[in-house]
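> Got a structure for you, questions after.
Read-outs: derived from the displayed coordinates by stated rules, not from any lab. These numbers were taken from a predicted model, which means no experiment stands behind them. So basically every Cβ, Gly included, is an ideal-geometry build from the backbone, and we count neighbours across all protein chains shown.
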Amino acid sequence: MGIIRGFVFGTFLMSLASVLEARPISYPGGSTVMLKQDRRVSSQYYHYSPSYKFSIGLENVNDQGSQEQFSQIRATYLTHRKNTAKSQRNFYVAMGLSPESSNHYFYGVHGDWESRRWYSGFSFLKKRVAGQRRDERYLQFGVAPYLGDYGDFHTWIMVKAKRSGFSQEWEVYPMLKFYQGDVLLEMGYSRNYQWDVHLMYRF
């Protein structure tokens, strides 16, 4: 699917989303900084949430496979939320495009479901870097070994199954997630990706 068709598809999904429930990407007027790192790709990303259901920002990407560094404008829309007394689920559409070159872009979906004890999440992104496919997909499952109250230090023990454009094989590896307040840290280790780290701070 070409870049124009991909963005038309993403825009269509966003138009459908406007009639559904949504929850904050951050909080209205809030900002988020994210750092991601593995053996293949590292990135630094800042986004701003002008409303409770949309964020837009700028990401700097260093892709080891193509030996290229580039920036891209990213947008994320929370299209659906369902809260119950014991759990919540969320569904997002996301897209990004480099102002430097049409050879760098992505679009896709991701989501999660969690209770105080259990967590599951997924992501499917169609990515193109330097004109080459770098599609990425993952599934993630976790359990909290203890139940903390609001504002406490929370811990999740997780398993992640990931498949990227660098390898057509799924790789399964353990991860830990910690968060408290506005700070979140995820980290794991695998044979192909080595350290897989995600750090997020909201303000």
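> Would you check the chain for Lys pairs whose C-alpha atoms are within less than 25 Å, ignoring same-chain pairs closer than 8 in sequence, and give me the count?
21
> Where the centroid of each part is defined by its Cα atoms, how far is region 126-203 from region 89-125 in Å?
12 Å
> Name the trypsin sites (Lys or Arg not before Pro) in region 60-105 that are in a loop by DSSP and that have at most 15 other C-beta atoms within 10 Å, would you?
Sparse-neighbourhood loop trypsin sites (Lys or Arg not before Pro): Lys86.
> Further question: Quick one: 3J(HN,Hα) in Hz for region 29-43, Karplus 6.51/-1.76/1.60 with θ = phi - 60°, rounded, Gly and Pro as x.
Per residue, the Karplus-derived 3J(HN,Hα) values read x, x, 10, 9, 10, 10, 10, 10, 8, 9, 5, 8, 9, 10, 8 Hz.
> Here's a follow-up. If I compute Cα extents along the principal axes in Å from the structure I just sent, which labelled value in (i) 68, 43, 25; (ii) 46, 43, 28; (iii) 55, 30, 28 lines up?
It is the value labelled (ii).
> I would also like to ask the following. Restricting attention to region 131-177, which GluC sites (Glu not before Pro) occupy a DSSP loop and are surrounded by at most 10 other Cβ atoms within 10 Å?
Passing sites in region 131-177 are Glu169.
> So, one more: If each DSSP helix of 4+ residues adds -39,500 (n - 2.57) and the sum is divided by the residues in the chain, what number results at 222 nm, nearest 500 deg cm²/dmol?
Estimated from H runs of four or more residues: -2500 deg cm²/dmol.
> Can I ask one more? Suppose every Lys and Arg Cβ carries +1 and every Asp and Glu Cβ carries -1, with no other charges. What dipole size does the chain come out with about its Cα centre, to the nearest 20 debye?
In total the dipole reaches around 500 debye.
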